[in-house]
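> Handing you this structure, nothing more for now.
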Amino acid sequence: MSSRTRSLKIAYSAWPTGRHASAWRLPEAFNGGTVDPVYLADTVRTAERGLFDYYFAGNAISSTADAQRSWHNDVFKIEGFTLASYAAAITRHIGLVVTVNSTYAEPYDTARAIVSLDHLSGGRAGLNIVTGVEGIDAPAQNYGQAKHLGRADKYGRAEEFLEIIQSLSDSWESDYFVDDREAGVFIDATKGHPIGFEGQHYTVKGALNVPRPPQGQVPIVHAGSSEQSFAYGARHADIRFSPFVSTDWNRDYYKRVKGLLPQYGRDPDDQFIIPGITFYVAGTAAEAHAKFREVQNLVVTQYAPAQVGDLVGVDVRSIPPREKIVSVFDEAVFTRHPWLGTALAAFGDETVTLQDLFHYISNKGHLNQPPVVGSGKQVARWIADNFEARAFDGVKLFPPYARTPLDAFVDLVVPELQRLGVYKTAYEASTLRGHLGLPIPANRYAARRETPARVKIPA
Ligand SMILES: Cc1cc2nc3c(=O)[nH]c(=O)nc-3n(C[C@H](O)[C@H](O)[C@H](O)COP(=O)(O)O)c2cc1C
């Protein structure tokens, strides 16, 4: 086991129009953030004010206007490297993670972009590799293909994709630069290495036309839910981006995912499991629950009892929608469906009606990824408890709307986490590897030359 002290990580996921389908309808919501440089700058600066470990740019490579009905973030998504480069220029410490879909991206282009970002940010870049969702063909159709690849092919590509990026990252040894003006020697050509990669999916000669990144290798993030994804993450990922379902579910997940690492010769502490979670935080618990309820009441849909009934396994078609669920469902139903208790907790009391429940389930994501609602103190306690129970190593904020939820978290939750002693009170490093406590790996080409491997903890 590693001797590093376990410390809570916090990240922010850029969802400019929020992670809730109807919260954008709140009077105070700001909905123009998708491409607004002032808003985007505000969010990354606020995340840095909260000492967050990284700012995360998700990825989408197709668009549908219909998504506005359910998931308006799927209509527009600003390009991640562009966003992260912009963020790099206005911050000093926060890590910057960019998502790339390896089924469609070119590894040489991706290596150039992520290594360049690592230079421009002073060692703060991270790469989230995703592979695309089975059965969703719209992205394929933007890349000259009719259908998304099957799992075997997409993970075959993902393996080669990362191998190429990591070889290219090493393709210039750090001491390549001679700058000998008298002798007229600019670089030491023996320090640059063609990678000569020939695989099933890619052929890349190299070397990269950007010097080795300050972090040596940028940290790798991975998300997915198939067995292939778990194997890929266990082999390569420094951070696994996961869902949060419940403390019990996540403790099992944590054990299972970390348990895979030794099979690949890795220490379980060398990977961080960080789920995305939506928080509703306010000065008091009552205000937070009231805001959550206000958001639910904005759901644009007609009450459909059959949907509630199908989910819970009880026919509620003849029951008035204003009936309280605690009077309609008996204890056995609550035991069979623990998410009903989670829904009650989010609303904050037992006045939840069938109609409220319908609103709750209408928001994509609530069932599998319930929100956490409360005062700053309560939310901090919840995070600290789950961190200590090893349900996760940190949390990534999925703001329900823009922009007050991020400020509320930084102003109300972060100080409480600090008071509880589970979160840092100042940045202790200025690289993403530094935030994660990961050493800089030796350059494979330098190591092959029998230069002693230089392993140092970045500042
Ligand atoms: C928690 C989580 C977050 C994800 N985030 C993204 C994302 O930002 N962009 C994306 O294209 N796919 C995202 N995905 C999709 C996965 O990376 C992956 O493409 C999908 O789960 C299918 O792979 P699988 O068949 O191995 O599960 C996410 C998946 C999970 C579980």
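The values are calculated or read from the model by the stated rules, or taken from the named source; none is laboratory data. Just so you know, these numbers come straight off a predicted model, no measurement behind them. All Cβ positions, glycine included, derive from the backbone under ideal geometry; neighbour counts span all protein chains shown. Calculation scope for accessible area: heavy atoms of the full protein, side chains included, ligands and nucleic acids excluded. Shrake-Rupley method; radii C 1.70, N 1.55, O 1.52, S 1.80 Å.
> For the chain, which whole-number percentage of the solvent-accessible area (1.4 Å probe, protein heavy atoms only) is attributable to carbon and sulfur atoms?
52
> Note the angle between two axes, namely the Cα long axis of helix 285-296 and the longest principal axis of the Cα atoms of the chain, as a number of degrees from 0 to 90, rounded to the nearest 10.
With rounding to tens, the tilt is 90 degrees.
> Something else: Roll a 1.4 Å probe over the protein heavy atoms and report the accessible area of Arg256 in Å², nearest 10.
In the full protein context, Arg256 sits at about 120 Å².
> List the relative contact order of segment 300-362 as a percent without decimals, with contacts defined as Cα pairs under 8 Å and 6+ residues apart.
Computed value for segment 300-362: 44 percent relative contact order.
> Could I ask something else about it? If I fit a long axis through the Cα atoms of helix 338-347 and take the longest principal axis of the Cα atoms of the chain, what angle between them do I get, 0 to 90°, rounded to 10?
Taking the Cα atoms of the chain, the angle to 338-347 is about 80 degrees.
> Here are some pairs, Lys77/Lys291; Lys9/Lys424; Lys154/Lys258; Lys324/Lys377; which of them have Cα atoms lying more than 19 Å apart in this structure?
Result: Lys77/Lys291; Lys154/Lys258; Lys324/Lys377 exceed 19 Å.
> What ranking of Thr46, Thr351 comes out by heavy-atom accessible area, probe 1.4 Å, highest first?
Accessible-area ranking of Thr46, Thr351, largest first: Thr351, Thr46.
> Probe of 1.4 angstrom, ligands and nucleic acids ignored: what's the accessible area per residue over segment 122-252, in square angstrom?
Value returned for segment 122-252: 46 Å² of accessible area per residue.
> Taking Cα centroids, how far is segment 131-147 from segment 24-78 in Å?
Their Cα centres are 23 Å away from one another.
> Then there's this: As a check on your grasp of the helix formula, calculate [θ] at 222 nm for the chain: sum -39500 (n - 2.57) over DSSP H runs of n ≥ 4, divide by the residue count, round to the nearest 500.
Mean residue ellipticity, 222 nm, calculated: -10000 deg cm²/dmol.
> Reported to two decimal places, what Rg/Rh ratio describes segment 1-92 when computed on Cα atoms with Rh from the Kirkwood expression?
1.04
> For segment 253-324, state the semi-axes of the equivalent ellipsoid (square roots of 5 times the eigenvalues of the alpha-carbon gyration tensor), sorted largest first and rounded to whole angstrom.
Largest first, segment 253-324 gives 40, 22, 10 Å.
> Continuing with the same structure: Rank these residues by their accessible area, most exposed first, probe 1.4 Å: Glu416, Glu294.
Glu294, Glu416
> Could you compute how much accessible surface Ser7 exposes when probed at 1.4 Å, giving the result in Å² to the nearest 10?
Per-residue accessible area (Ser7): approximately 50 Å².
> Same structure again: Could you state, as a whole-number percent, how many of the C-alpha pairs of the chain are farther apart than 28 Å?
54
> Could I ask something else about it? Going by average Cβ neighbours within 10 Å, how do the peptides 181-190, 106-115, 52-61 rank, with the highest at the top?
In descending order of packing, they fall as 52-61, 106-115, 181-190.
> Hey, what angle do you get for helix 151-169 against the long axis of the chain, alpha-carbon based, 0 to 90 degrees rounded to 10?
Around 40 degrees separate the two axes.
> Compute the Rg/Rh shape ratio of segment 300-362: radius of gyration over Kirkwood radius, all on alpha-carbon atoms.
0.91
> Which net charge results when you count Lys and Arg as +1 and Asp and Glu as -1 among the other residues whose beta-carbon is under 10 Å from that of Arg240?
Every neighbour counted, the sum reads -1.
> Taking all protein chains together and a probe of 1.4 Å, list Ser116, Ser226, Ser63 from the most accessible to the least accessible.
From most accessible down to least: Ser63, Ser116, Ser226.
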